[in-house]
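Asks: This is the structure, below, for whatever I ask next.
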Amino acid sequence: MSMEEMLTSANQDGPLAAALTQLDDAADLISLDDSVHQKLRKPKRIITVSIPTAMDDGSFKVFTGYRAQHNMDRGPCKGGIRYHPDVTLNEVIALAMWMTWKCAVVNIPYGGAKGGVICSPKDMSQGELERMTRRFTTELVEVIGPEKDIPAPDVYTNAQIMAWIMDTYSMQKGYSVPAVVTGKPISLGGSLGREAATGRGCVFTIREAMKRLNIDATSSTFVVQGYGNVGAWAARLLEPLGPKMIAASDSRGGCYSADGIPVQELIAHKAETGSVVGFPGTDAVTNEELLELDCDVLIPAALENSINEDNAGQIKASIIAEGANGPTTPAGQEILNDRGIFVIPDILANAGGVTVSYFEWVQGLQSYFWSEAEVNKQLEDIMVRAFDRVYCEHEERNCDMRAAAMAVAVGRVAEAVHMRGIYP
Ligand code: NAD
């Protein structure tokens, strides 16, 4: 399928349609120059590769992999690699576009990219995953690199896979290139503080929102949908600021107690039993009921589209902090706007992860490593500055925070396009 066909078919369905609508809305809001708008609607480069991989049974299988590089005007591309049977090029392009805006909204010098391989990693051995990863990296070797495009983990990829990418790339170059990926093991130049970074960044934005909305943290309550890396870290770091967690969930269901649930004990319970369900002293709630609980802060940290036109009318939280990517549909957002609910959008609320990935890249390039306290301090500075910038935009333009974040992000990328000019 040509790029033109892909973008046309994107108008029917899939995440790319939503990503393009968001860009078009932002372009209207900031009166974006039409030629820049057209440039930003298309990815700079899409790569589709075949990945023949020797399987343990002696056969070989040919996987398909993608890398979409949406924009490089503000710096090299940055974005994760996803291993999942449902990966599509449409999704990979949309995710690359969102990475461009996320990096721009926190003002780190990157454009956006995303990659994916259509595979079922849960059904593959470590050896098969390693061989597939090394061949995928080899196919991408000319288009990735510390100055070009820096992959990171995403769904079903992890620090071990980043280590294989780093090693394969380094073998091809003939020297070690740790800055080619982020999310590496600490022993290979990973950054301290990366694991908690997305939850920590999310909490900084909640804290700032509470100040602006005059919500007293000490008497407030919060609810987490998706008690995984982002959700549990956000809970762990929000609790000491005063708010009480009254409910949390995972894919198996949720638990609720109006008296409050101790965050660490719930983490231990999930580690032991595999779920938050059945935590002593709590009542069971479904994921649907949990979203509609009476609370001050709701943190959706699981899936896309969990807040939509069917439930947005029943949500009682004053603040929604989007730990997940894309948890609110455009129709859901409209209802939340009408009801005056303050949404901290994903490209801002969960940007702490890519920000600390940026710190990892900087540390790798300098071969000089920071303390965890230094990482957390720099993260706080960036998140607070980004929140303030988006909040001012929201007040000045009298628009919701998502539109404000998009206006800031698209405006920054557009300025870079203008200043660089069109080559040749
Ligand atoms: P994770 O796998 O660690 O946690 C996800 C949690 O959601 C798990 O507890 C899982 O049980 C739960 N879950 C799955 N399906 C659910 C459902 N139907 N209802 C309720 N809970 C459900 O993943 P994560 O890294 O915490 O990522 C969560 C979200 O945050 C994703 O949207 C991801 O794209 C986004 N995000 C993550 C990072 C990061 O640094 N990890 C950065 C930016 C954005």
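The values are calculated or read from the model by the stated rules, or taken from the named source; none is laboratory data. Everything quoted here is computed from the prediction, not taken from an experiment. Using ideal geometry, Cβ is built from the backbone for each residue, glycine included, and neighbour counts are taken over all protein chains shown. For accessibility, only protein heavy atoms count, side chains too; no ligands or nucleic acids. Shrake-Rupley method; radii C 1.70, N 1.55, O 1.52, S 1.80 Å.
Asks: What accessible area per residue comes out for region 44-177, rounded to a whole number of Å², with a 1.4 Å probe?
Replies: Per-residue value: 37 Å².
Asks: Per 5 Å bin from zero, what fraction in whole % of the C-alpha pairs of region 197-349 is there, up to the bin with the longest pair?
Replies: 2, 11, 22, 26, 21, 13, 4, 1, 0
Asks: Okay, moving on. Go ahead and collect, in residue order, the members of region 333-352 whose backbone nitrogen is under 19 Å from a label point 7 Å along the Cα-Cβ direction of residue 311.
Replies: Within reach of a label on residue 311, which here means backbone N under 19 Å from a point 7 Å along Cα→Cβ, region 333-352 contributes 333-346.
Asks: Among all stretches of the chain without exposed chymotrypsin sites (Phe, Trp or Tyr not before Pro) (DSSP loop, at most 16 other Cβ atoms within 10 Å), which one is longest?
Replies: 176-367
Asks: What does DSSP give for the chain in terms of the percent of beta bridges that are antiparallel, rounded to the nearest 5?
Replies: 50 percent
Asks: When the helix-only estimate is applied to the chain (DSSP H runs of n ≥ 4, each -39,500 (n - 2.57), divided by the residue count), what is the mean residue ellipticity at 222 nm, nearest 500 deg cm²/dmol?
Replies: -14500 deg cm²/dmol
Asks: So what J values fall out for region 72-77 if you push phi through Karplus, 6.51 cos²θ - 1.76 cosθ + 1.60 with θ = phi - 60°, rounded to Hz, Gly and Pro as x?
Replies: Values per residue, Gly and Pro as x: 10, 5, 9, x, x, 6 Hz.
Asks: Also, quick follow-up: Quick one: putting +1 on the C-beta of Lys and Arg, -1 on the C-beta of Asp and Glu, what dipole do you get for region 197-349 around its Cα centre, in Debye to the nearest 20?
Replies: Dipole of region 197-349, to the nearest 20 debye: 540 debye.
Asks: Karplus couplings for region 264-281 from phi (6.51 cos²θ - 1.76 cosθ + 1.60, θ = phi - 60°), rounded to Hz, Gly and Pro as x?
Replies: Result, ordered by residue: 5, 5, 5, 4, 5, 4, 5, 5, 7, 9, x, 7, 7, 4, x, 4, x, x Hz.
Asks: How much of the accessible area of region 301-421, in percent, comes from carbon and sulfur atoms when a 1.4 Å probe is used?
Replies: 45 percent
Asks: How high is the relative contact order of the chain, given as a whole-number percent (alpha carbon pairs under 8 Å, six or more residues apart)?
Replies: 15 percent
Asks: Where a ≥ b ≥ c are the square roots of the eigenvalues of the C-alpha gyration tensor, would you call region 127-217 rounded, which needs a/c under 1.5, or, failing that, prolate if a/b is larger than b/c, or oblate?
Replies: The shape class here is prolate.
Asks: Mean separation of Cα pairs under 8 Å and 6+ residues apart, divided by the residue count of region 197-349: what relative contact order is that in percent?
Replies: 23 percent
Asks: Charges only on Cβ, +1 for Lys and Arg, -1 for Asp and Glu: so what's the dipole of the chain about the Cα centre, in debye to the nearest 20?
Replies: Once rounded to the nearest 20, the dipole reads 1400 debye.
Asks: With each label point set 7 Å from Cα along the Cα-Cβ vector, what nm distance links residue 258 and residue 141?
Replies: The answer from the label model is 6.4 nm.
Asks: Okay, moving on. Can you give the % of DSSP beta bridges in region 44-177 that are antiparallel, to the nearest 5?
Replies: Taking every DSSP beta bridge within region 44-177, about 60 percent pair in antiparallel fashion.
Asks: Once the dipole of region 131-274 is set up with Lys and Arg at +1 and Asp and Glu at -1 on Cβ about the Cα centre, which of 160, 226, 206 lies farthest towards its positive end?
Replies: It is 160, whose Cα lies furthest towards the positive end.
Asks: Roughly how large, in nm² to one decimal, is the mean projection of the convex hull of the alpha-carbon atoms in region 159-272?
Replies: 9.2 nm²
Asks: Can you give the alpha-carbon Rg of region 1-157 over 2.2 N^0.38 Å, where N counts its residues?
Replies: Against the compact-globule rule of thumb, the ratio is 1.09.
Asks: I would also like to ask the following. Where does the chain land on Rg(C-alpha)/(2.2 N^0.38 Å)?
Replies: Normalised Rg, Cα atoms only: 0.96.
Asks: Let me ask you something else. Between residue 188 and residue 45, what is the label-point separation in nm under the 7 Å Cα-to-beta-carbon projection?
Replies: With each label point 7 Å from Cα toward Cβ, the separation is 2.2 nm.
Asks: While we're here: Under a Cβ-only charge scheme (Lys and Arg +1, Asp and Glu -1), can you give me the dipole magnitude of region 44-177 about the Cα centre, in debye to the nearest 20?
Replies: 400 debye
Asks: Something else now. If we count every other residue with Cβ under 13 angstrom of residue 401's Cβ, Lys/Arg +1 and Asp/Glu -1, where does the sum land?
Replies: So the surrounding residues net to -4.
Asks: Give, in nm to one decimal, the length gained when the segment between residue 160 and residue 423 is fully stretched (0.36 nm per residue of separation minus the Cα-Cα distance).
Replies: My answer for the length gained is 90.8 nm.
Asks: Enter the Cα centre distance for the pair region 132-165 and region 357-424, rounded to the nearest angstrom.
Replies: 24 Å
Asks: Against the 2.2 N^0.38 Å scaling, with N counting residues, where does region 122-171 land? I'd like the Cα-based Rg ratio to two decimal places.
Replies: So the Cα radius of gyration is 1.11 times the expected 2.2 N^0.38 Å.
Asks: Accessible area per residue for region 197-349 in Å², computed with a 1.4 Å probe and the full protein assembly in place, what is it?
Replies: Spelled out: the 1.4 Å probe surface of region 197-349, per residue, equals 40 Å².
Asks: Using a 1.4 Å probe on the protein heavy atoms only, what accessible surface does residue 307 show? Give it in Å² to the nearest 10.
Replies: 0 Å²
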